[in-house]
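Contents: one structure, followed by commentary.
Here, each number is a calculation from the coordinates, and none is a lab measurement. Computed from a predicted structure; not experimentally measured. Neighbour counts are summed over all protein chains in view; Cβ atoms, including those assigned to glycine, are modelled from backbone coordinates with ideal geometry.
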Amino acid sequence: MSLLDVNHLDVRFALRGGDVRALRDVCFSLDRGERLGIVGESGAGKSVAAFTLLNLIAQPGYIAGGSIEFDGQELIGLSDRKLRKVRGHRMSMIFQDPMMTLNPVLTIGEQMVECLKAHRRISTRQARTISINRLQQVQIPSPEARLDQYPHELSGGMRQRVIIAIALLLDPDIIIADEPTTALDVTIQAEIMALLLELCETHNVGLILITHDLGVVSQVTQRMLVMYAGRVIEQGPTREIINDPQHPYTQGLINALPQMATPGERLNQIPGSMPSLSKLPSGCAFHPRCGFVERPDGSHRSACHEEVPAFVTSGNCQAACHMVAEMIESERIPAEEQD
Amino acid sequence: MTTLTTRQTSRWERFRDSYLLYSFKRDLIAQVSLLVFILLVGAALLAPWLAPMNPYDLAQINILASELPPFWVDGSDPMYLMGTDAQGRDLLSTILYGLRVSLIIGFGAVAMQATLGVCFGLLAGYLGGRVDAFLMRLADIQLSFSTLMVAIIVGALFKAIFGGATFSDYAVPLLVLIIGLAEWPQYARTVRASVLAEKGKEYVDAARVMGLPSRRIMFRHILPNTLSPIFVISTVQVANAIISEAALSFLGLGMPETQPSLGSLIKSGFDYLQSGSWWITLIPGLVLVVLVLVINLLGDWLRDVLNPRLYKG
Amino acid sequence: MNSTATSPEASRPLLTLKGIEKRFSLSGDFLEQLQFKGGKLVRHQEHVHAINGVDLDIQRGEALCVVGESGCGKSTVARTVMGLITPSAGEVHYDGERIDNLSTKQLLPYRRRMQMIFQNPYASLNPRMTIQQTLEEPIRLHHPDWSNQAVKDKVSEVMTSVGISADWGPRYGHEFSGGQRQRIAIARALAVDPEFIVADEPISALDVSIQAQVLNLLMEAQQRSNLTYLFITHDLAVVEHFGTRVAVMYLGRVCEVAPTATLFSRPRHPYTQALMSAIPRLEDDRPQHIRLEGEVPTPVNLPSGCVFHGRCPHADERCRQEIPALIATDDGGQVACHAVEEGRIG
């Protein structure tokens, strides 16, 4: 059994023009110590997914259905008191903007000690010792001095390290990192990612990494989900998806990277843009941008704009695409005929 | 022609789908306020037709009918619905005409404040540096004079130079000038703050890169984007200007009693309050309170709607 | 206009930056600068040194990419070139003429020839103007003699050329997605048929799939109208794809300039090497990235000598004392590094 099991998660936002479905039928699981990447462009629902896991969805958003099972315990519908024992304790979160987590009027030390004492019965001195130890783990020089500094006295990279230290404070089972390095420079980003990876490996902590950066995902995670317009459209081992993407959107996303093209030549672009969640196309949400709605022989695949595609398994990967389903089907039939 | 009509319909549709209308439909206070405000403004504008008599016409005034109470009090005359004042003018008519004067001065003064304040605020915010420092210090100095002091100084000077009779003739434009001059810094500060915020945005850089002259950038690009706060502050300022005018008139520095505004009406009745003629003061006072209240309520609603932090399209 | 392209004109760089410096005051106005120190009233000023002595040449038809991390001054360079900022020292020459000291009016003919594309498509379009108004404005300004019909034709022509429908004219910017808005912003820049475009991080606010669309659009426009680009970005993968030459900046100085292929195959400056090793790649092999020690110093108190010495693994005493100058290398680039000059590193 996995540590975290998310099933048929359905999140909606009650807006003026009616409900907008931010997440539809999202299913995934995470094993202990596993690193999972959630990839998608803005509006794909990846951040909503992260917030939902911690039940941090704020009005007007609400969870309309599905389940989130963590270590055998259902999180949806749990009282705030019980939820707090999970949140911040066994699951912690790293945000894109460190200042979202750090309180500007408290010192780093006060915030870390407060967090520790809220969850454990320990003295302030013990809490400080643990805090210093964590700051050492994230390779912050002279951690004792840092404890008495305010967040604004640290640079962006240092703040993000402090955030990681705070996330590690209570020895969580899972860290959810929402675009943790997007606001940072390339050289700092590489260091923070390397650090996060190393800490997860040594402490056997699971990581859910939410990002738009395929490069980061491919270097850090073992498995990945690709999201589009509120749905998971492809999932599987990171290496396999990067090397051999099944879904046309994933293919487009990878092929659109400048490093996939010859310098000076045209990039392989995906036409159009992500639809607004309130005006989703019928059937497969990607079909207006997809180049595979027409079959190679020129015939039209009507299922693409009529039916929402179900997941089909291809190797270790799963993709929600009618074209992939057809291909698998056509490969299987000749094989059966031969038998 | 066809393009024009399509654009008009789309503008109407935009308004119909707008957040402004949406929130208005859900705000009872705003609806009632707007209704009362429209009724008051309508009554003031239509005063020559609505009012039973013309208070400015001495021939219609009957001095024998002075200090008659309103219709629900014993001793009233059905000809004078709200009673009469000490000079025998029909109070209802006088209030309607007075409301008109108050509104003209209120809106006129705000138009003046806005013109001055918006120009100075735009210049200070956009040009920055010395111009900014100079204009803002000027605003500080202006704010350290109260409206009252400006009114006393300007009024006294005018009376000394041109005499009291000329003052009565030019009372309305003069009050517009006084209240307009006294309170432009409110606008200038608000506009300057929004200009500073807008100036940092890339569309202003884009306009500069295009080579547009500063004047066009200020008025065509930045000004339209600072309209929301100007709009909000205008409602508050109209209410303030009306109150300022009433206060000045009450102190005898404003409208003469021959062309009464709400403030001078209140003042003229004040002397008779102790002889039992309370209505001459109270009824115009009530109208003033209601007018200022609905304007402020509308302003509050507008501020909530136009607040960019609350508003998400 | 003189259409005769004589040989010295053809070989002359389109744009030259000579020793550009820009300081921003941190200390507010004159009254706020006065401080009591040791019983005396002194004027104390603090500055951010955004750029310190940048020399660059941009040749006709090339795409010069300026890369660097936040705070390295690359956007300040772009804004100085466009005259949005007046440099504290140094000169900007465009096609042989000095332009940094011209008035708004004198600059007008240059405004038609050089245009800019901004980073944030959500802020670069005036929210109170329709697309039609936005696109007509520059055309009417620079061609006051054109008829209404000519202006409208030009607008629909540029709209088509950036791949947006000409029917969008009466609509407002906020009705469009980020990618569409950036297309509109590009259309605005192209509307006056410029020869030189400064693009300040034009794709970093966009989604991955949209980035490719916009990059393709910029490359098409370059081929069609023989444009010259000054392209500011932090994304090295984009540089590799797009740039003819690359200038790497660190803390307000150019530390390396080289043709793209040369720079990517053989980065010389230690900072360039670290920057390149930090790009997250899709490939399986995790390249050992060069860890830089410490953090980028603030541009308020600049370090003495080479600005990079505090984080450089090869720094020695000379690096701490003496500011390195850009020196031509054998493979067509320029490097500002004592270690490279002395042959201590390859």
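Under a 5 Å amide H cut-off, with hydrogens placed 1.01 Å from N, C:M249 pairs with C:V67, C:G68, C:C255 among residues at least 5 apart or on other chains. Largest first, the extents of the alpha carbon coordinates of segment B:42-295 on the three principal axes equal 75, 37, 29 Å.
In order along segment C:96-103, the Karplus-derived 3J(HN,Hα) couplings, from 6.51 cos²θ - 1.76 cosθ + 1.60 at θ = phi - 60°, round to x, 10, 6, 10, 6, 10, 8, 7 Hz, and Gly and Pro are given as x. Each label point was placed 7 Å from the Cα along the Cα-to-Cβ direction; for B:K159 and B:L39 their separation is 3.8 nm.
By count of other Cβ within 10 Å, fewest leading, how are B:F37, C:F231, B:F162 ordered? It would help to have the intermediate numbers written out before the result.
Details: B:F37 17, C:F231 27, B:F162 12.
If I rank by nearby Cβ atoms, fewest first, I get B:F162, B:F37, C:F231.
The lysines within cross-link reach of B:K25, meaning a Cα-to-Cα straight distance under 29 Å and a gap of 8 or more places when in the same chain, are A:K279, B:K312. Helix B:184-199 and the longest principal axis of the Cα set of chain B meet at an angle near 20°.
Take peptides A:83-91, B:80-88 and line them up by average Cβ neighbours within 10 Å, highest first, as a rough protection proxy.
Details: A:83-91: 17.7, B:80-88: 21.6.
So the order, starting with the most tightly packed, is B:80-88, A:83-91.
Once backbone amide H atoms are built at 1.01 Å from N, A:G45 has A:G230 as its partners under 5 Å, excluding neighbours fewer than 5 places away on the same chain. Counted by neighbouring Cβ atoms within 10 Å, the residues A:R32, C:R128, A:R134, C:R188 run from fewest to most as A:R32, C:R128, A:R134, C:R188. The mean count of C-beta atoms from other chains within 10 Å of the C-beta of residues in A:267-277, rounded to a whole number, is 5.
Taking amide H as placed 1.01 Å from N in the peptide plane, A:A22 has its amide H under 5 Å from the amide H of A:V11, A:R12, A:F13, each at least 5 places away in sequence or on another chain. Note on C:T86 and A:L15: their simple-model spin labels are 4.6 nm apart, each label 7 Å out from Cα toward Cβ. The charge dipole of the protein assembly as shown, taken about its Cα centre with unit charges on the Cβ atoms of Lys, Arg (+1), Asp and Glu (-1) only, comes to about 2060 debye. Taking Cα atoms only, the orientation of helix C:131-142 departs from the longest principal axis of chain C by about 80 degrees.
Restricting attention to segment A:305-335, which GluC sites (Glu not before Pro) occupy a DSSP loop and are surrounded by at most 13 other Cβ atoms within 10 Å?
Working: sites: A:E306, A:E307, A:E326, A:E329, A:E331; in loops: A:E307.
When the GluC sites (Glu not before Pro) of segment A:305-335 are filtered for loop state and at most 13 Cβ neighbours within 10 Å, A:E307 remain.
Residue by residue along B:210-217, Cβ atoms of other protein chains within 10 Å of the local Cβ number 5 on average.
For segment B:142-237, what does the convex hull of the Cα positions come to per residue, in cubic angstrom? Walk me through the intermediate numbers first.
Details: hull volume 12.0 nm³, N = 96.
Spread over its residues, the Cα hull of segment B:142-237 gives 125 Å³ apiece.
Roughly how crowded by other chains is peptide C:101-113, in terms of the mean Cβ count from those chains within 10 Å of each of its Cβ atoms?
Values: counts 0, 0, 0, 5, 2, 0, 3, 4, 1, 1, 5, 2, 0.
That works out to 2 on average.
Given a Förster distance of 22 Å, report the FRET efficiency between A:N7 and A:Y62 from their Cβ-Cβ distance, rounded to the nearest 0.05.
Values: r = 17 Å, r/R0 = 0.79.
Computed FRET efficiency for A:N7 and A:Y62: 0.80.
Fewest neighbouring Cβ atoms within 10 Å first, the residues A:D244, B:D205 line up as A:D244, B:D205.
Rounded to the nearest 10 degrees, the inclination of helix A:186-203 to the longest alpha-carbon principal axis of chain A is 80 degrees.
Among C:168-180, A:209-221, sorting by the average number of other beta carbon atoms lying within 10 angstrom of each residue, highest first, gives A:209-221, C:168-180.
With the convex hull drawn over the C-alpha atoms of chain A, the volume per residue is 170 Å³. Here each label is just a point 7 Å from Cα along the line to Cβ, and for C:D331 and A:H300 those points are 5.4 nm apart.
Take each of the peptides A:169-180, B:68-79, average the number of other beta-carbon atoms within 10 Å over its residues, and list them starting from the highest.
Working: A:169-180: 21.9, B:68-79: 13.0.
Order by mean packing, descending: A:169-180, B:68-79.
Convex hull volume per residue, computed on the Cα atoms of the protein assembly as shown, equals 278 Å³. Both the radius of gyration and Dmax for segment C:103-243 are 14.6, 45 Å, in that order, over alpha-carbon atoms.
Here chain A is treated with +1 on each Lys and Arg Cβ and -1 on each Asp and Glu Cβ, and its dipole about the Cα centre works out to around 1520 debye.
Phi-derived couplings, Karplus 6.51 cos²θ - 1.76 cosθ + 1.60 at θ = phi - 60°, listed residue by residue for segment C:232-245: 9, 7, 10, 9, 5, 5, 5, 4, 4, 7, 9, x, 7, 10 Hz, with x used for Gly and Pro.
Would you compute, from DSSP H runs of 4+ residues alone, the mean residue ellipticity of chain C at 222 nm, taking -39500 (n - 2.57) per run and dividing by the full residue count, rounded to the nearest 500? Could you put the intermediate results ahead of the total?
On the way: 13 runs with 115 residues, N = 346.
Result for chain C: -9500 deg cm²/dmol, rounded to the nearest 500.
Scalar couplings 3J(HN,Hα) for segment A:81-94, obtained by applying the Karplus form with A = 6.51, B = -1.76, C = 1.60 to θ = phi - 60°, are 4, 5, 5, 5, 5, 7, 5, x, 9, 9, 10, 10, 10, 10 Hz; x denotes Gly and Pro.
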